[in-house]
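The values are calculated or read from the model by the stated rules, or taken from the named source; none is laboratory data. This structure is a prediction, so every number in the text was calculated from the model and none was measured. Glycine also receives a Cβ, built like all others from the backbone with ideal geometry; neighbour counts cover every protein chain displayed.
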Amino acid sequence: MAGRSHGLFAGRSRHLSRHDKLSTLGISRLINKFSVGEKVVVVPHGSFRNIPHPRYKGRVGSVVGSRGKAYVIEIELSKSMKRTLVVPQEYLQRLPLPGPQSPA
């Protein structure tokens, strides 16, 4: 009998589910444009088709360049270790700029 497959996302589907937010992609997520040097957050959600690895979920990086509809992101894991990821635009969010918050 054949053994169980140990693919990239084997046993990880429960970690990728987002119960607090909708998993559907809005049109605004699909038409995001980022400039070089902008800070972004990696947010993998939805299908498993071309998402970044879950270990980078919530990491902040800066945009280095673009490749087609995806962006090249440089993430600093420690002072001496950096990673370069190619992430599609729908899995990136802008990092909110620090500053005075407007009263609600």
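Which condition number in (1) under 22 Å from GLY7 (Cα atoms); (2) surrounded by 13 or more Cβ atoms within 10 Å (Cβ to Cβ) is the one that ARG55 fails?
Every condition holds for ARG55 apart from (2).
Surrounded by 11 or more Cβ atoms within 10 Å (Cβ to Cβ) and at pLDDT 80 or above: is that true of LEU77 in this structure? Step through it out loud before you land on a result.
Working: surrounded by 11 or more Cβ atoms within 10 Å (Cβ to Cβ): yes; at pLDDT 80 or above: yes.
Taking the combined requirement at face value, the residue satisfies it.
Applying the selection to the stretch 67-83, what residues are under 18 Å from LEU95 (Cα atoms) and in a strand (DSSP E or B)?
Within the stretch 67-83, ALA70, TYR71, VAL72, ILE73, GLU74, ILE75, GLU76 qualify.
Counting only residues that are under 11 Å from the mean Cα position of the chain (by Cα) and not in a strand (DSSP E or B), which one in the stretch 84-100 is nearest to VAL41 (Cα to Cα)?
Within the stretch 84-100, the match that is nearest to VAL41 (Cα to Cα) is TYR91.
With the checklist (1) at pLDDT 95 or above; (2) under 10 Å from the mean Cα position of the chain (by Cα) in hand, flag the one item SER62 doesn't pass.
Every listed condition holds for SER62 apart from (2).
What's the number of the condition SER28 fails, among (1) assigned to a loop (DSSP other than H, G, I, E, B); (2) at pLDDT below 90; (3) hydroxyl-bearing (Ser, Thr, Tyr)?
Looking at each condition in turn, SER28 falls short on (1).
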